[in-house]
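Have a look at the structure below, then the notes.
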Amino acid sequence: MSATTPAQARRMGPSGRDYGYANARVRGMRSRLLSQAFFDELMTVHDIAAVIQHIMPTEYGPDVEGRILHGRNAAQIDEALKDNMVRTFRKVYAFSNDEARDLLTVLLGRWDLFNLKTIIRGKHLNLDAAEIIDSLITVGQLSSVDAEELARQQGVKGVVDTLATWGLPFAVPLRDALPGYNEASDLSLLELALDRYYYGWASARLASRRENARAARTFLGVQVDTMNLLTCLRLLNSNLEPSEAARFFVPGGLRVSESLFMELAAMSDVDEVFNRLKRTPYGRLLEDVAVKFIEKGSISVFERALEDFLFRRAYSTGKGDPLGIGVVISYLWAKANEVTNLRIVIKGVSVGMPADRMREELIVV
């Protein structure tokens, strides 16, 4: 599949900071997002053939048509959905203005981070390249060709050495963390190094006082906050020394400072965390899922709630300035959410999952 690369987009896209043209196109694209009624109907079908029949008339039809030549199965439909997402993101990037492309380069780096962590995690677990590649979504600066090449390297060191050979900045934090990883076989050392590098770089790139940079910086800060909060919840009852807990903190958030992180990480009870966060935007969010946590006893309910919150914040970003970057951010994250939901339903149908169970897994914004 061919796609417009960021470098090509920079040559093709409009200059300046006028968002009128791009936002008008994005609104048109947003109107073609799938309705809840579509998902409700899709969850009632019983096989992949019916899934294909439902999806073909939608925006995903051309991508599905190309993929099913290789097999009419859930795996090929999943690849088609990822193809569509990559193509859509590249398209928006291409018709955006100079400032928007700069801001999107930073925010879409989140997917470069995701892909690198996926590759390194796969190498740590000795997964084969094909299995790793199946999990990649290359909508950032890292192309599908480069990501697949990294996935084919021998071991974690091979990935890091290749990044260094290519001169990519992600290689620097990974090389620094590699000796510790080799000694302890602790994957978190590499993942934390990547997180700190990306979010530090992104925060610096979005430090401008311009309104659109501030909007993008706010959304980035929410991402960091949700990540740090989830880490705190995972550290409950861990009895870590403060110095050890501190290494898990990622700077760059809006409300979760390092001091608050350390305070939360030292707690031993979820109720303590709720009480401390009551006056923050995250207090009500966590309180609402407390009952589910008690029922299931799993941190995954908080992970899901924080993920929902992040998508809702992305959606609300587009409600501020109708002629700013928020409209684009809102659409791209809504598109990513739609693809995620479709992948959940298609996997559910393929394994015979009940519709009610699939519905619980969807992120509805």
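Quick grid of which residues meet (1) crowded, with 17+ Cβ neighbours inside 10 Å; (2) farther than 11 Å from ALA215 by Cα; (3) at pLDDT below 95; (4) aliphatic (A, V, I, L, M):
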site: ARG312; (1), (2), (3), (4): yes, yes, yes, no
site: TYR315; (1), (2), (3), (4): yes, yes, yes, no
site: LYS319; (1), (2), (3), (4): no, yes, yes, no
site: VAL327; (1), (2), (3), (4): yes, no, no, yes
site: VAL339; (1), (2), (3), (4): yes, yes, no, yes
site: MET358; (1), (2), (3), (4): yes, yes, yes, yes
Self-check item: Within the stretch 341-356, tally of residues that are crowded, with 18+ Cβ neighbours inside 10 Å, out of contact with any Phe, Trp or Tyr (no Cβ under 8 Å at 6 or more places or on another chain) and of a type in the set (A, V, I, L, M, F, W, C)
Solution: 3
Self-check item: Tabulated pairs, the stretch 74-88, first farther than 18 Å from LEU142 by Cβ, second of a type in the set (Val, Ile, Thr) and in a helix (DSSP H, G or I), C-beta under 6 angstrom, 6+ apart or interchain
Solution: ALA74/ILE48; ALA74/ILE346; GLN76/ILE68; ILE77/ILE346; ALA80/VAL64; LEU81/VAL339
Self-check item: Complete set of residues in the stretch 225-261 that are surrounded by 15 or more Cβ atoms within 10 Å (Cβ to Cβ), of a type in the set (A, V, I, L, M) and over 20 Å from SER298 (Cα atoms)
Solution: ALA245, VAL250, LEU254, VAL256, LEU260
Quiz item: So which residues in the stretch 140-155 are of a type outside the set (Asp, Glu), modelled with pLDDT of 95 or more and either under 19 Å from LYS335 (Cα atoms) or part of a helix (DSSP H, G or I) (or both), if there are any at all?
Solution: VAL145, ALA147, LEU150, ALA151, GLY155
Quiz item: Out of the residues in the stretch 46-77 that are charged (D, E, K, R) and surrounded by fewer than 18 Cβ atoms within 10 Å (Cβ to Cβ), which is nearest to the chain's Cα centre (by Cα)?
Solution: GLU59
Quiz item: Are there any pairs, at least 6 apart or on different chains, whose C-beta atoms fall under 8 Å, with the first in the stretch 49-62 and part of a loop (DSSP other than H, G, I, E, B) and the second aromatic (Phe, Trp, Tyr) and modelled with pLDDT of 95 or more, and if so, which?
Solution: THR58/PHE38
Exercise. May I ask you to list the residues in the stretch 88-103 that are assigned to a helix (DSSP H, G or I) and crowded, with 17+ Cβ neighbours inside 10 Å?
Key: THR88, PHE89, ARG90, VAL92, TYR93, ALA94, PHE95, GLU99, ALA100, ARG101, ASP102, LEU103
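The values are calculated or read from the model by the stated rules, or taken from the named source; none is laboratory data. Keep in mind the model is a prediction, meaning the values are calculated, not measured. All Cβ positions, even for glycine, are placed from backbone atoms using ideal geometry, and neighbour counts span all protein chains on display.
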